[in-house]
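The values are calculated or read from the model by the stated rules, or taken from the named source; none is laboratory data. Since this is a predicted model, take the numbers as computed values, not measurements. Here the Cβ positions follow ideal geometry from the backbone for every residue, glycine too, while neighbour counts run over all protein chains shown. What goes into the accessible areas is simple: the full protein's heavy atoms, side chains included, and nothing from ligands, DNA or RNA. Shrake-Rupley method; radii C 1.70, N 1.55, O 1.52, S 1.80 Å.
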Amino acid sequence: VQLQAFGGGLVQAGGFLRLSCTASGSIGSSYIMSWYRQAPGNERELVAEITSGGSTSYGDGVMGRFPISRDNVKNTIYLQMVSLEPEDTAVYYCTLTSRGTRSWGQGTLVTVSS
């Protein structure tokens with residue numbers, strides 16, 4: 001499985017970004033795609049995840065501020081990041097879990113200036 005994430009960048013506090021992640025390879029029909037993030041000096045944390053059936057869940061750190069969505073035809077997930085805060089500055093990683101195996105993308109950097 002290969003994962004390519006796009007959409008990171010520099011944005012001012014209060015702004016918005018949309019991240020996307022496209023999966024390719026042997027994905028399978030039942031999987032979970034997730035966004036994690038890791039800020040400098042912090043552990044990696046779950047942001048949001050969505051199953052192939054469309055169920056979603058969110059990490060406590062964002063409390064649902066960043067809706068996750070998917071396009072199954074394109075094997076792509078999206079993270080709509082709104083009302084960004086400097087504390088949201090991190091590398092955001094896309095993952096796909098299928099058949100008990102998690103694959104990681106390369107990460108995309110989001111920097112929120114105050």
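The figures follow:
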read-out: Charge dipole of the chain about the Cα centre (unit charges at C-beta), most positive-ward option of Ser34, Val73, Gly54; value: Val73
read-out: Sequence of Met33, Met63 when ordered by accessible area, the most exposed leading, probe 1.4 angstrom; value: Met63, Met33
read-out: Rounded accessible area of Ser52 (nearest 10 Å², 1.4 Å probe); value: 30
read-out: Gain on full stretching of the segment that runs from Ala13 to Asn42 - 0.36 nm per residue minus C-alpha separation; value: 8.4 nm
read-out: Between the stretch 25-72 and the stretch 93-114, the Cα center-to-center distance that results, in Å; value: 8
read-out: Computed accessible area, Asp60, all protein chains, 1.4 angstrom probe, square angstrom; value: 130
read-out: Karplus-derived 3J(HN,Hα), 6.51/-1.76/1.60, for each residue of the stretch 43-60, Hz, glycine and proline x; value: 7, 5, 9, 6, 9, 6, 8, 9, 8, 5, x, x, 6, 10, 8, 9, x, 5
read-out: Relative contact order computed over the chain (Cα-Cα under 8 Å; 6+ residues apart), in percent; value: 36
read-out: Reciprocal mean inverse distance between Cα atoms of the chain - Kirkwood radius, Å; value: 13.9
read-out: For the chain, accessible area per residue (1.4 Å probe, heavy atoms of protein chains only), Å²; value: 52
read-out: Accessible surface of the chain [probe 1.4 Å, protein heavy atoms]: carbon and sulfur percent; value: 49
read-out: Computed magnitude of the charge dipole of the chain (debye, nearest 20; Cβ of K, R +1, Cβ of D, E -1); value: 400
read-out: Chymotrypsin sites (Phe, Trp or Tyr not before Pro) within the stretch 10-47, DSSP loop, no more than 12 other Cβ atoms inside 10 Å; value: Phe16
read-out: Loop sites in the stretch 35-88: GluC sites (Glu not before Pro), DSSP, at most 11 other Cβ within 10 Å; value: Glu43
